[in-house]
Amino acid sequence: MTHRHEWIEQPEARVDSETFRCAECEATSDLCHVCSGPSGGYGWICERCLEREQRVVRDVERYLGLWDERDRHREKSSAAMDLVTARSSSDGGITGPEDVLGILWSWIARWTEFVGAQNESPAEFLASRVMWAVHNPDASGWDDFPRAMRRARAAARSIVGLSPERMAQRCPRCAGTAVRDRETKPGVPCPDGLRDEVRCTGCGFFWPDEERFSLSARWAIRHIGDRNPNAFVTREQARALFPDVPATTWRQWISRRRLRSVDARFRVGDVYDLVQQWMTEARGGARERMTPG
Ligand SMILES: [Zn+2]
Ligand SMILES: [Zn+2]
Ligand SMILES: [Zn+2]
């Protein structure tokens with residue numbers, strides 16, 4: 001190959017292996033069964049997806065390698081104040097490495113019926129047979145495998161105390177979960193315990209620190225009226241958005257139907273307009289009271 005193939009989808013292709021055709025040469029490609037892009041040849045997985053799926057499995061082993069028997073008693077330790085709280089994983093009460101290894105072993109048991117075992121570690125066994133598994137989805141149970149490995153990785157990371165810390169506020173850009181990481185890269189604990197950066201697990205956006213993140217979340221809330229007037233909020237959310245409006249005022253608005261609900265929710269634009277009006281009236285009222293009569 002002297003050039004980078006430029007794949008163009010062929011809706012008329014008669015065989016799967018010709019789903020994509022290169023714009024510059026005669027090469028054709030099948031579909032990657034993970035990302036649905038061109039696999040780059042006859043295979044059912046592209047190189048990037050193959051590497052990523054293998055990395056997830058190897059990460060599980062990397063995390064388990066950090067396990068220390070003392071981790072089991074972290075919460076009861078007299079030094080607990082200085083340590084990251086050991087939380088049992090939310091995934092089916094996984095509390096030790098044996099539970100995570102059990103997940104890997106159940107897949108190995110299934111796969112060894114079809115592919116022989118060699119003298120290799122559990123993660124290496126699975127990683128090196130991902131290619132086989134993709135091409136034999138019925139035998140391997142491929143449809144469930146990537147998710148199962150991600151759950152195993154999250155559980156392994158949790159029991160060694162490296163799960164990211166969740167921010168109370170959601171990402172102001174995509175409403176995804178925002179976190180501070182405890183590692184510089186998978187399996188490498190951050191020397192200070194927690195990283196300064198706040199990262200959104202949804203859109204991938206980074207803020208340099210928690211303060212900047214909070215500011216941007218507050219800004220987004222304050223401007224939700226112009227940015228997203230057609231969003232709907234509950235009564236509690238509306239009150240949280242405009243804490244200056246007294247509870248009695250909210251009650252009046254709703255009982256006098258100045259604020260109309262749809263399934264017990266209110267349109268942000270309507271709430272916003274009403275609050276603006278209320279603020280103008282409140283200011284006018286204050287002026288009247290101050291003017292001597
Ligand atoms: Zn080409
Ligand atoms: Zn792919
Ligand atoms: Zn986001």
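Just so you know, all these numbers are worked out from the coordinates, no wet-lab data involved. Please read all numbers here as calculations on a predicted model, not as lab measurements. Cβ: placed from backbone, ideal geometry, glycine included. Neighbour counts: every protein chain shown.
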**Asked** Which trypsin sites (Lys or Arg not before Pro) does region 218-266 hold that lie in a coil by DSSP with at most 16 other beta carbons within 10 Å?
**Response** 256, 257, 258, 260
**Message:** Under 10 Å, Cα contacts only: if you run a Gaussian network model on the chain, which one of 159, 254, 221 comes out with the highest mean-square fluctuation?
**Reply:** 254
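When Rg is the radius of gyration of the Cα atoms in region 134-293 and Rh is its Kirkwood radius, what does Rg/Rh come to? Mind showing how you got there, number by number?
On the way: Rg = 23.3 Å, Rh = 19.7 Å.
Looking at region 134-293, the ratio lands at 1.18.
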**Asked** Across bins of 5 angstrom width beginning at 0, how are the C-alpha pair distances of region 5-47 distributed, in whole percent?
**Response** 6, 32, 33, 24, 5, 0
**Message:** Under 10 Å, Cα contacts only: if you run a Gaussian network model on the chain, which one of 115, 100, 57 comes out with the highest mean-square fluctuation?
**Reply:** 115
**Prompt:** Using alpha carbons only, how many degrees (0 to 90, rounded to 10) separate the axis of helix 145-159 from the longest principal axis of the chain?
**Reply:** 70 degrees
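I'd like the chymotrypsin sites (Phe, Trp or Tyr not before Pro) in region 104-206 restricted to DSSP loop residues with at most 15 other Cβ atoms within 10 Å, sorted by number.
On the way: sites: 105, 107, 111, 114, 125, 132, 142, 205, 206; in loops: 114, 142, 205.
Counting only loop positions with at most 15 other Cβ atoms within 10 Å, the chymotrypsin sites (Phe, Trp or Tyr not before Pro) in region 104-206 are 114.
Compute the Kirkwood hydrodynamic radius of the chain, taking the inverse of the mean of 1/r over all pairs of distinct Cα atoms, and give it in Å to one decimal.
Numbers: mean 1/r = 0.0414 Å⁻¹.
Across the chain, the inverse of the average 1/r is 24.2 Å.
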**Asked** Between the DSSP loop rule and a limit of at most 13 other Cβ atoms within 10 Å, which trypsin sites (Lys or Arg not before Pro) in region 1-52 are left?
**Response** 4, 14
**Fill in**
Binned at 10 Å from zero, the C-alpha pair distances of region 166-216 give percents of 29, 54, 17, 0
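Tell me what the chain gives for mean residue ellipticity at 222 nm when only DSSP H runs of n ≥ 4 count, each as -39,500 (n - 2.57), the sum divided by the residue total, rounded to 500 deg cm²/dmol.
Working: 11 runs with 121 residues, N = 293.
Taken over the chain, the calculation gives -12500 deg cm²/dmol.
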